[in-house]
Amino acid sequence: METIIAVENASYCYHNTIQALVDVTLRVGEGGKWAVIGANGSGKSTLLRLMSGLVHPDSGKIFFRGQEVSARSLKDKDFLRFFREGVGYIFQDSDVQLFCPTVLDELLFGPVQLGIDQDEAMDRACGVMKMLEIEGLGNRPSYMLSGGEKKRVAIGSVLTMNPQVLLLDEPTNGLDPRTQCFLSELIFELNEAGKTIFIGTHDLTLVDEFQPTVAVLSEEHNIEKVGSADEILQDEDLLLKVNLIHEHMHYHGRTAHTHRHSHYVYHKHEAIK
Amino acid sequence: MTGAASRMPFLDKSVNHLAALIKTTYIQWDTAHKEGLFQKLDARVKVLFLLFFIIIVSVKRTLLPEVAIGGLVFILAVVSRLDLLSFYGRVLFLGFVFGFLIALPSCLNIVVEGEVIMPIMHLSEPYQFWVYRIPETIGITRQGLDVVFILTLRVINSLSISFLVIYTTPFQEIMKALKSLRVPDTFLMIITLSYKYIFIFAQTFEDIHLAKKGRTVKANAAEARSWVAGRMGFLLRRTRTRCEEVFNAMLARGFCGEVAIHNWGKVGKMDIMSGAGLLLAGCFVLFI
């Protein structure tokens with residue numbers, strides 16, 4: 001599998017003081033499925049922003065199809081177009097991503113910026129609306145959408161650009177179970193269709209369902225381990241260490257239990273007091 | 001808690017006004033999607049109608065054309081199924097403030113000379129200051145009253161035409177119409193972002209206020225003022241952060257400094273016919 005995005009020894013600090021990533025190295029193969037998991041503040045979103053070329057590492061490098069992605073290379077309009085066409089980034093907060101007057105304008109924004117023919121842009125927008133089941137929302141302004149609808153539109157706004165790589169920041173966060181299920185299936189189908197998927201999440205259910213290659217970010221902001229979903233999800237000591245599961249005590253009738261607990265996958269009783 | 005609320009009425013009022021702003025917009029969205037005549041028209045035709053009739057209102061200075069325009073707008077408001085009480089309530093209030101009150105001094109013979117029909121005060125002799133002359137008898141003139149009446153009518157007509165278009169056209173359609181009229185894309189993008197920001201700002205402010213209110217047992221007016229000042233700075237910082245995030249979202253979707261917005265299709269036959277009808281009506285008013 002050819003490498004499509006590579007992160008090499010990337011480190012990043014906010015305001016030169018708050019460390020967000022330390023010496024991260026990853027190689028994402030074309031058509032692959034990846035997830036980076038970690039506790040809040042571990043640097044997942046920062047890693048996705050680095051990979052999308054929105055911020056640039058203090059040290060280390062990012063490559064897209066073998067070409068370095070830097071502030072300098074993105075000044076070249078041809079490379080900028082090549083990169084933006086290739087890599088789509090879906091923000092955690094959909095409100096940030098929806099800035100056009102209506103849903104249809106949102107879907108058309110990306111293709112129009114890339115200079116795609118108006119008719120083709122409209123065809124893409126209609127196709128994406130059908131795929132995401134938001135056909136009735138075309139003329140709706142974004143502030144009149146529910147959380148789930150906003151997420152669909154945010155994803156649609158990137159899909160109309162038809163990128164090869166999709167970077168999704170906490171895609172299931174704050175959504176109801178049905179929308180979560182819809183999104184999981186959509187991500188799976190997009191990957192089946194050949195898109196490279198890279199998710200930043202702490203939703204272990206999503207990781208379990210999607211079975212990606214998983215990179216675990218520690219609270220020290222470096223890569224703790226890279227492995228298959230099964231391998232990572234079964235390593236409870238690792239998940240406990242990076243704060244993705246926790247130990248707690250509760251009662252079943254009059255009996256107190258202490259066990260390792262995640263709100264997603266793990267609810268395994270270990271010891272009875 | 002009721003005591004807390006009564007000690008900070010200005011805060012509650014401001015928040016209520018912001019909430020009302022959001023509600024008003026939802027109502028505008030609702031009226032703009034009613035099954036009325038004007039709602040069905042293409043936004044481009046409506047924007048052209050607005051510009052054309054505002055020019056006519058500005059050009060005509062006699063009673064008959066203004067009354068004719070007022071009548072036309074009234075008919076259009078009725079067939080567009082607008083809530084006439086709310087519609088004319090706003091128009092008349094703003095017309096009173098920005099038309100009548102501002103023009104009111106013009107009815108005195110100090111501003112507009114003419115036949116005094118209602119004397120107000122008498123001076124011992126007339127005075128002359130530079131180019132201004134204060135007559136011996138200060139009063140309301142017939143010509144001055146005409147000026148105030150016509151000016152108020154013109155303001156009311158301008159407002160009612162604008163409200164008619166705004167109430168029957170969703171914001172995004174107005175933007176598309178402006179795009180068709182060759183208004184620069186960058187300018188439209190700025191208006192759209194600013195419009196959207198109003199809602200986010202109002203929502204954030206309301207959330208902050210309610211979060212504070214939910215934790216306030218004993219209120220102190222001085223503390224409340226200090227808190228408001230602090231939160232203004234906080235909102236400004238949040239605004240800047242959000243602005244950067246939205247800009248990043250634009251960059252991620254291919255924006256490279258030059259805004260491009262999708263072009264919209266041709267105007268339909270019905271819209272052209274309606275536009276022609278409005279144009280004829282405008283020309284008729286122009287020549288009476």
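The values are calculated or read from the model by the stated rules, or taken from the named source; none is laboratory data. Please read these numbers as outputs of a predicted model, since none were measured by experiment. Cβ: placed from backbone, ideal geometry, glycine included. Neighbour counts: every protein chain shown.
Observations on the structure shown:
- Members of region A:149-178 found to be crowded, with 18+ Cβ neighbours inside 10 Å and modelled with pLDDT under 90, listed by number: A:Thr172, A:Leu175
Yes or no, residue by residue, for (1) farther than 30 Å from B:Thr24 by Cβ; (2) part of a loop (DSSP other than H, G, I, E, B); (3) touching a residue at least 60 places away in the same chain (Cβ under 8 Å); (4) charged (D, E, K, R):
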site	(1), (2), (3), (4)
A:Arg140	no, yes, no, yes
A:Gln180	yes, no, no, no
A:Leu190	yes, no, no, no
A:Val226	yes, no, yes, no
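This table checks each residue for (1) part of a helix (DSSP H, G or I); (2) touching a Phe, Trp or Tyr at 6+ places or on another chain (Cβ under 7 Å); (3) among the aliphatic types (A, V, I, L, M).
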| residue | (1), (2), (3) |
| --- | --- |
| B:Thr24 | yes, no, no |
| B:Thr31 | yes, yes, no |
| B:Ile55 | yes, no, yes |
| B:Glu66 | yes, no, no |
| B:Leu72 | yes, no, yes |
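- Residue count, region A:19-51 (criterion: in contact with a helix residue (DSSP H, G or I) (Cβ under 7 Å, 6 or more places away or on another chain) and either part of a strand (DSSP E or B) or modelled with pLDDT of 95 or more (or both)): 7
- Criterion (closer than 30 Å to B:Lys34 by Cα, within 32 Å of the chain's Cα centre (by Cα) and at pLDDT below 85) met by exactly one of B:Ile161, B:Ile200, B:Ile156: B:Ile200
- Of all residue pairs spaced 6 or more apart or on separate chains, those with beta-carbon atoms under 8 Å, a first member in region A:67-84 that is within 11 Å of another protein chain (Cβ to nearest Cβ) and in contact (Cβ under 8 Å) with a residue 40 or more places away in the chain and a second member that is buried (at least 18 other Cβ atoms within 10 Å of the Cβ) and of a type in the set (Lys, Arg) are A:Arg84/B:Arg253.
- Scope region A:99-122; condition more than 22 Å from A:Phe82 (Cβ to Cβ) and either over 23 Å from the mean Cα position of the chain (by Cα) or assigned to a helix (DSSP H, G or I) (or both); matching residues: A:Pro101, A:Thr102, A:Val103, A:Leu104, A:Asp105, A:Glu106, A:Asp119, A:Met122
- Scanning region B:195-231 for residues that are without any contact (Cβ under 8 Å) to a residue 24 or more places away in the chain, farther than 24 Å from B:Thr24 by Cβ, among the charged types (D, E, K, R) and touching a helix residue (DSSP H, G or I) at 6+ places or on another chain (Cβ under 9 Å) yields B:Lys212, B:Arg225.
- Within region A:111-124, if we keep just the residues that are under 15 Å from A:Val158 (Cβ atoms) and at pLDDT 90 or above, the residue that is farthest from the other protein chains (Cβ to nearest Cβ) turns out to be A:Arg124.
- Filter result for B:Ala249 (among the aliphatic types (A, V, I, L, M), over 28 Å from the mean Cα position of the chain (by Cα), surrounded by fewer than 17 Cβ atoms within 10 Å (Cβ to Cβ) and farther than 30 Å from B:Leu50 by Cα): no
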